[in-house]
Structures are given as C-alpha cells and as structure tokens.
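The next block holds one structure in the form of structure tokens; read it before the comments.
The values are calculated or read from the model by the stated rules, or taken from the named source; none is laboratory data. No experiment lies behind these values; they were computed from the predicted model shown. Note that each Cβ is placed from the backbone with ideal geometry, even for glycine, and that neighbours are counted across all protein chains shown. Areas reflect the complete protein model, heavy atoms only, side chains present, ligands, DNA and RNA absent. Shrake-Rupley method; radii C 1.70, N 1.55, O 1.52, S 1.80 Å.
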Amino acid sequence: MRKLIVANWKENPGTESRATKLFKDLILKTGVDVVICPPFVYLEKITAAFRSMSASKKKNLAIGAQDVFWEEKGAFTSEVGPKMIRSLGVRYVIVGHSERRKYLKETDAMINKKVKAALADGLKVILCVGEPLAVRKKGAVVAKAFIKTQLKKDLVGIKTNASVNKNLIIAYEPIWAIGSGRSDQPEDAVEMSLFIKRLYNVPFLYGGSVNSKNVADFVQYKGIDGALVGGASLKAGEFGKLIAKVAKK
Ligand code: PGA
C-alpha cells in the first residue's frame, strides 16, 4: 500500500483566508496519499478549492472531516451527519480522537455509533485509539490490552468484511505523544501495529508528534502505513518536507 499522511488541523488556523492559503500552499509528492482534515466551517471552501485543482494534483489528495454525528439529520443542534459532509465531496472522517474523548467526553459507545454511521454512508473512517501515560508506564503488554479493549468497544457490531476493511483505518496515537514533542519509539509503534493488524487487518497510522525529522523512522516499516499529523501539518513548508521524506521511503 502507498503511504498515507493525514493532516489533522484541529481548531486551526484562525481564519478562513488562512485556511484556504494553507491548503493552496500544499506541496504534494507522487507516491504519497494525503488527506487534509480542516475544521467543519472551512470544508466548503476547501472542497471547492480541491475541485478546481488539476486532475494530476487531485490524484493523491482527499479531504476529510475531523468528526461526524451518527444521525443523518434531525433535532441535534450543531451536529453534522455523514451525508452532509459527503455532499461536499469529503471522503474521510476522523473518529474518536483522544481530544474529543477528553474534552467532549466522547465515550466508546458514541464512537461506535459514529463509526457505524460513517461506514454505512461510504466514508473512510480513521478511528483513533491510544493509551494514556499511566497505562504505557505499566509496559507494552498492558498497553496492548488497553488498545484491544478500546478497539473492541469502538468496533462492536461491525463485521469486518471486504468493504469495511477497505474503508477502515486505525490510527494509533498514544495520548502522551500527542502535541508533546515526544513521539513514541518507532519500534514500539510497529509492535503495536503488528498486534492490531492481527486483530483487524486494516491500514495502521501512527500519530503523536510526527514531524519532518522523525516521519521516516516510522514509515520505513511495512507495518506502518502512514501517519496522522497535527502540529506539523499547519506550516506548508514543514508539511511539504514531511511528505517529501515519506515519498523517499
Ligand atoms: P500532533 O497531533 O502531531 O500535534 O502530536 C497528532 C494528532 O493529535 O492527531
């Protein structure tokens, strides 16, 4: 599989014009698939900019959302359903990011409903899982058991058949590595990848303080299919360097 780099812009940048500029400044490379996930409010402008790009540029690029609600429509103030984002041309969605679990109190049961709804609508789901530091400190065996439980809850009732396998991606993001400048050891990440792939045979992304300097250490492994990138995706130059490093692998 070609390596996949997903840019999670989170609640950035601060204005629509800066978001459009960041998207226009993207430096793409052949051989690497890139998904850009801006905040909801910028999706319309970004998908329009995407549509106006040349076919060759668009080939390796797709747009994603950072969240989705499980109902298509109705009295659910401020929520956004899978069909709504799909109608804009969005193809991917991040579900279960640890920041949503922490700050918005998203539970595994809610995440499970989101994954089901998004898959049913044909979106590609990037399901995020990751253990807190206290768990990791207990060692790899305990961390793996934590991740297995999280995945089981998030994917309960979802039959892993060919079409689900095609549309599900698991992003392993140890919570302590996110935004901390302290990424996981690549050897530990690949060990987690092999463990997860024995349970769910789907692409594996590593996330947590990935940048242009360390990305190659992760994607050099066959078991690591790409990266979920936060901070380093907010500067076109740095993100371009990161993609170039992946293209060389
Ligand atoms: P980071 O964020 O690259 O800034 O650590 C990754 C993420 O939260 O997806």
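Residues in the stretch 178-198 that are open to solvent by less than 40 Å² (accessible area, probe 1.4 Å), in contact (Cβ under 8 Å) with a residue 40 or more places away in the chain and near the ligand (Cβ under 10 Å from one of its atoms): how many?
Final tally of qualifying residues: 1.
Within the set of pairs 6 or more residues apart or between chains, which connect a residue that is closer than 26 Å to residue 215 by Cα inside the stretch 7-18 to a residue that is open to solvent by 50 Å² or more (accessible area, probe 1.4 Å) and within 16 Å of the ligand (Cβ to nearest atom) with Cβ atoms less than 6 Å apart?
Here the result reads 12/234, each pair linking the stretch 7-18 to a residue that is open to solvent by 50 Å² or more (accessible area, probe 1.4 Å) and within 16 Å of the ligand (Cβ to nearest atom).
Which of the numbered conditions does residue 57 fail, given that it passes all the others? Conditions: (1) touching a helix residue (DSSP H, G or I) at 6+ places or on another chain (Cβ under 8 Å); (2) more than 27 Å from residue 223 (Cβ to Cβ); (3) touching a residue at least 12 places away in the same chain (Cβ under 8 Å).
Exception for residue 57: condition (1).
Looking at 3, 57, 73, can you tell me which residue is open to solvent by 50 Å² or more (accessible area, probe 1.4 Å) and closer than 30 Å to residue 224 by Cα?
57
What tally of residues in the stretch 93-128 results from selecting those that are open to solvent by 20 Å² or more (accessible area, probe 1.4 Å), among the basic types (Lys, Arg) and more than 14 Å from the ligand (Cβ to nearest atom)?
4
Among the residues of the stretch 11-27, which ones are open to solvent by 40 Å² or more (accessible area, probe 1.4 Å), touching a helix residue (DSSP H, G or I) at 6+ places or on another chain (Cβ under 7 Å) and not in a helix (DSSP H, G or I)?
25, 27
Which residues, taken from the stretch 199-221, are open to solvent by less than 40 Å² (accessible area, probe 1.4 Å) and within 19 Å of residue 144 (Cα to Cα)?
Correct list: 200, 202, 203, 204, 205, 206, 207, 208, 218.
Among the listed residues 26, 22, identify the single one that is away from the ligand (no atom under 16 Å from the Cβ) and over 23 Å from residue 167 (Cβ atoms).
Selected residue: 26, the only one of 26, 22 that is away from the ligand (no atom under 16 Å from the Cβ) and over 23 Å from residue 167 (Cβ atoms).
Condition test on residue 206, is it part of a strand (DSSP E or B) and either at pLDDT 95 or above or away from the ligand (no atom under 13 Å from the Cβ) (or both)?
Answer is yes for this residue.
In the list 212, 193, 183, which residue meets the criterion of being modelled with pLDDT of 95 or more and out of contact with any Lys or Arg (no Cβ under 8 Å at 6 or more places or on another chain)?
193
Can you find a residue in the stretch 128-140 that is free of Cβ contacts under 8 Å to residues at least 24 places away in the same chain, in contact with a helix residue (DSSP H, G or I) (Cβ under 6 Å, 6 or more places away or on another chain) and β-branched (Val, Ile, Thr)?
yes
Looking at residue 163 and the list (1) out of contact with any strand residue (DSSP E or B) (no Cβ under 8 Å at 6 or more places or on another chain); (2) at pLDDT 95 or above; (3) of a type outside the set (Val, Ile, Thr), which single condition is not satisfied?
(2)
Here is a check on your reading of the model: is residue 224 assigned to a strand (DSSP E or B) and crowded, with 18+ Cβ neighbours inside 10 Å?
When the stated conditions are applied, residue 224 does not pass them.
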